[in-house]
Amino acid sequence: MDAIQRSGVPVTNAADEERRLLDSAPTAVRVFGLAAFVLALVFGIVTWLVVAQADAIAEVDLDIDSMIHSAAVANRWMVDVSLGLQTIGGGVFSGTVVAVVVIALLWAGRLRRPFGARTYAAAFLALSAAGGAFLGTVVKSLVDRPRPPWNGLWSYEASSSYPSGHSQGGITVWVALGLIVLVLVPGRLRWVISIPLLILGPTIGVSRTVLGVHWPSDVLGGWSLGGAWTAATAVIIILIAADAARRRGDSADPSK
């Protein structure tokens with residue numbers, strides 16, 4: 001960018017965004033595509049264990065959950081922190097954050113370019129959050145796994161246990177937000193904002209076992225399903241955005 005500016009060729013921020021998008025799209029598609037494949041494979045394996053090897057996985061889950069429960073009883077602060085994370089990862093709070101961010105991104109994108117990076121980021125977040133929630137609901141109804149025996153001690157959930165919706169939402173909402181920050185926010189500030197978001201997402205899942213409302217395999221299933229869906233959504237949005245940018249470039253070039 002600096003080299004282009006020094007050469008005397010004016011470049012707008014929107015044009016620079018499109019140039020960076022086109023340059024990075026192939027690598028981003030490969031990375032997110034591989035992540036989606038691996039995480040979908042993990043989700044498939046965990047789901048198979050939960051459904052076809054229920055007794056074996058239940059024994060492992062119970063051992064791990066018992067240790068976490070004992071630690072939570074001895075350290076009340078773990079429960080207090082987990083209750084806070086439950087609120088952050090809940091549908092009302094997360095849904096509100098998604099709605100506000102999507103509207104803000106669409107407005108910012110409108111001020112700069114109708115279909116610029118911010119518009120596509122809004123589409124990515126909306127599709128990641130809404131699509132992830134839908135997939136999780138479908139899988140819950142199909143698997144219909146009972147909750148751990150501690151459900152109701154510190155928090156109560158009435159829906160089936162697998163996969164963990166909070167764990168999944170931690171990825172499809174909060175990790176997705178972290179990825180958006182990495183792309184849109186300039187300089188070191190991107191790391192200051194994105195790293196806490198990228199840590200927060202998986203931590204919400206851990207809190208579910210502390211509260212006794214999910215088995216560890218529920219959390220792993222939620223993480224892997226949410227990660228697979230968010231990565232796949234990123235691939236879809238990047239391909240659409242890169243194709244649109246390429247078409248605009250072709251239409252602006254009289255030689256094409």
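Return the only residue of A108, A74 being surrounded by fewer than 20 Cβ atoms within 10 Å (Cβ to Cβ), in contact with a Lys or Arg (Cβ under 7 Å, 6 or more places away or on another chain) and over 18 Å from R208 (Cβ atoms).
None of the others qualify; the one that does is A108.
Considering each of I199, I238 in turn, give the residue that is over 26 Å from D65 (Cα atoms), assigned to a helix (DSSP H, G or I) and of a type in the set (A, V, I, L, M, F, W, C).
The unique qualifying residue is I238.
Mind listing whichever residues of segment 172-196 are more than 24 Å from G109 (Cβ to Cβ) and either β-branched (V, I, T) or buried (at least 20 other Cβ atoms within 10 Å of the Cβ) (or both)?
Selection gives I195 alone.
Give the residue, chosen from S155, S161, that is within 20 Å of the chain's Cα centre (by Cα), modelled with pLDDT under 95, over 27 Å from R30 (Cβ atoms) and not β-branched (V, I, T).
On inspection, the qualifying residue turns out to be S161.
I'd like to know if segment 97-104 contains one or more residues that are modelled with pLDDT of 95 or more, in a helix (DSSP H, G or I) and among the small types (G, A, S).
yes
Can you pull out the residues in segment 45-71 that are surrounded by 14 or more Cβ atoms within 10 Å (Cβ to Cβ) and within 26 Å of A176 (Cα to Cα)?
Those that are surrounded by 14 or more Cβ atoms within 10 Å (Cβ to Cβ) and within 26 Å of A176 (Cα to Cα): V46, T47.
Any residue at all in segment 174-187 that's closer than 16 Å to G89 by Cβ and either at pLDDT below 95 or charged (D, E, K, R) (or both)?
No; the residues of segment 174-187 include none that is closer than 16 Å to G89 by Cβ and either at pLDDT below 95 or charged (D, E, K, R) (or both).
When the residues of segment 197-215 are filtered to those that are surrounded by fewer than 23 Cβ atoms within 10 Å (Cβ to Cβ) and in contact with a helix residue (DSSP H, G or I) (Cβ under 8 Å, 6 or more places away or on another chain), which remaining residue is nearest to A56 (Cα to Cα)?
My answer is V206.
Against the condition surrounded by fewer than 21 Cβ atoms within 10 Å (Cβ to Cβ), over 13 Å from Q168 (Cβ atoms) and either touching a helix residue (DSSP H, G or I) at 6+ places or on another chain (Cβ under 8 Å) or modelled with pLDDT under 95 (or both), how does A234 come out, does it pass?
no
For segment 210-219, state whether one or more residues are part of a helix (DSSP H, G or I), free of Cβ contacts under 8 Å to residues at least 24 places away in the same chain and farther than 25 Å from A99 by Cβ. Write out each step before concluding.
Taking segment 210-219 as the starting set, the residues that turn out to be part of a helix (DSSP H, G or I) are 210, 216-219.
Still in the running and free of Cβ contacts under 8 Å to residues at least 24 places away in the same chain: none.
Among the residues of segment 210-219, not one is part of a helix (DSSP H, G or I), free of Cβ contacts under 8 Å to residues at least 24 places away in the same chain and farther than 25 Å from A99 by Cβ, which makes the answer no.
The values are calculated or read from the model by the stated rules, or taken from the named source; none is laboratory data. The shown structure was predicted, so the numbers you read here are calculated from the model rather than taken from an experiment. Don't worry about glycine lacking a Cβ; one is built from the backbone with ideal geometry, like all the others, and counts go over all protein chains shown.
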